[in-house]
Structures are given as structure tokens and as C-alpha cells.
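The structure appears below as C-alpha cells.
Since every read-out is calculated from the coordinates, none of them should be taken as a lab result. If you're wondering where the values come from, they're calculated on a predicted model, not measured in any experiment. Note that each Cβ is placed from the backbone with ideal geometry, even for glycine, and that neighbours are counted across all protein chains shown.
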Amino acid sequence: MDMHYIRRGEGKPLLLIHGVGGSSRSWDLMIDGLADAGREVIAVDLPGHGATPPLPGEVSISTLADAVTSFLESQNLLGIDAVGSSMGARLVLELARRGGVLGAVVSLNPGGFWRGWEKPVFYYSVASSKRLLQLLQPVLPALAGSSVGRTLLLSQFSAHPWNLPSKLVLEELRTMATSPSFDELLYNLAYGEAQKGAPRGTISSPLVIGWGRQDRVCFPQQASRALALFPDASLHWFSRCGHFPQWDSPEEAVQLVLTVTSGINYEPLLSAEMNTPITTTSTNWAAILGIGLAAAVGTYLLARPKMN
């Protein structure tokens, strides 16, 4: 399987896998820090994202896992350490479960652990966001360049979207709006095959699941479900972070990845956070307004027939 990828640095290889609608550029705030720390970083565009063409058949976690495995085989990279974000975080968990594909794994805010009402909330909020972005294509540069625009468009995904670089935001929004695999993959993530787990003792390499306490895509209570399916994993909480730690807390994310993939005993560093109750100190009205506006407008657009 041929995939477009970005390669930076020298040293022990490290694979970065983005989320649904993203690309290798999703890691722009982390990749230099990892490379500067002595890692050869390989950030891929998954099939149907960025510069990689879509798969010819079904697009799901299973088929993407097959495609990533084929890519790693072709590059002689089986056993590589890996970091995944969102859908990519679920993908690295699936590859870790299969065995023999990855080394140490860091899974940042993985999807796939929804229950009940959480599934339609995830699916319709994210699907409507894409439809809204398609409508807003002509004015996306202006919106991405404005702190107010970034807040309204990305409050579901980031704890402080107004602070994100406009170039990164524009790249992500354009990729999300144009990905040919987005719709099918999003539906399969919500309503397709459930994520299988790995019994205790079957994953020998280090495995850490990271979760943002202010995640509004994969709610924090889902972390316990991920740990139940992957009991060999440890949990790291990002305290002032939304769905993408690589955006909201890139320095902390870099340090976590370097710690886990270097074989350092990281569990004592995580145990205090694991036992801290999830609390919020204030109400983020800008975030609530942004999510509500995007959901209302996007749902209306989803209900309308597409123009030919």
C-alpha cells in the first residue's frame, strides 16, 4: 500500500496516525519536538486523506489497519512505535491488539467507545460540521484567520481553539471538507463493527491511552471503557485539553510520547492523574455557543438535499 507521508529527523522510527478527516499536517505542533528529541518521525496520510488516494473498497478500521500494516511491511517498519489521534488512536489500538505490527503505542483520545446516546451525538455533530465546512469553503481563510472564527468552528475539538495557529486550522478544515473517505468512515466509526479488546497479558509493549478532560467528541467517561477492553494499558489525563492533545497540549504530548516509547517506567507519573475526579472550574460559554451553532446549522444542512 502506497501512502503519502512526511519524514523528519533521525533515530528510532516513530509513526504518527491522524484522525478522520485529518492528514499528516495534523501533527505540525508536535513533529519538530519529536524529531529534535532524536526520533525519525513518519506522519502518514491515511487512504482517502491528504495526498493518499482512497481505498478501492470498504473504508473501516479493519481495512485501514490492513492498509497501514501493508505500508509498514513495504517500508520494513514492522514493530515501529506509534502514536494515533482520535480515529487514528483507535487504529493503533486495533493494530496493537492484532500483535506483531507495532511496538510501544500512545493512543490519544480514541474513538469507538461510545454507548447509547453518545453515538448519534458523535455522528451527527461531526457529520454536520463537515457539511457546514463545505458550505463555508469560500470564506474559510477569513474564518481560520480570526480567533472568533476558530472558536465557533472548532470548539467541539479544542479546549482553546482561539489560540491555534490559523495555518494549521485552515489546513485541517480544508482536508476535512474534501476527504473522499470521510462520510463512509465516520458512519462506520459510529455504527459499524465494535472495537475488540485484548485480554490482559496479551500486549507486552508499553501502551498508554491519553485523554483530554475537556473532550467534547469522545467524552472523558469513555476512558474507563477503553481501559476495560485494553487492561494492559495505562491512562494519562491531559487536564486542560480537548479532543486533540497534539493541538492543546503539544509539549505535554511530546513528553508523554518520548517517555512511553523510550521504555521509562511511566506508571508512577500517571497514577495521581488517574485518580483525580473530572471537574471543571468554569463554564466556557464560547465553546458552548460554537458547538450549538455548528450543530444547529449543520443539522439543517444535512437535512437539505445536496445540490447537483
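Before moving on, here are some points about what is shown:
- With helices as the sole contributors, the chain gives -13000 deg cm²/dmol at 222 nm; each DSSP H run of n ≥ 4 counts as -39500 (n - 2.57), and the sum is divided by every residue.
- One chain, two ends: residue 148 and residue 251. Fully extended at 0.36 nm per residue, the span grows by 34.6 nm beyond their Cα-Cα distance.
- Computed E for residue 137/residue 162 - FRET, C-beta separation, R0 22 angstrom, nearest 0.05: 0.55
- A cut-off under 10 angstrom between Cβ atoms defines the neighbours of residue 195, and their net charge, with Lys, Arg +1 and Asp, Glu -1, is +2.
- Environment charge at residue 60 (Cβ cut-off 14 Å; Lys +1, Arg +1, Asp -1, Glu -1): -4
- GNM flexibility winner over the chain from 258, 16, 93 (Cα, springs under 10 Å): 258
- Note on residue 124 and residue 202: with the Förster distance fixed at 30 Å, the Cβ-Cβ geometry gives a FRET efficiency of about 0.30.
- Build a GNM of the chain with springs between Cα atoms under 10 Å apart, and of 52, 261, 151 the one that fluctuates most is 52.
- Under Karplus coefficients 6.51, -1.76 and 1.60, residue-wise ³J(HN,Hα) of the range 108-123 in Hz, glycine/proline x: 9, 6, x, x, x, 10, 6, 9, x, 4, 5, 5, x, 4, 4, 5
- In the elastic network of the chain, a GNM with C-alpha springs shorter than 10 Å, the most mobile of 62, 26, 181 is 62.
- Under-5 Å amide H pairs with residue 52, H placed in peptide plane, nonlocal only: 4
- Estimated FRET transfer efficiency (residue 7, residue 62; beta-carbon r; R0 30 Å; 0.05): 0.65
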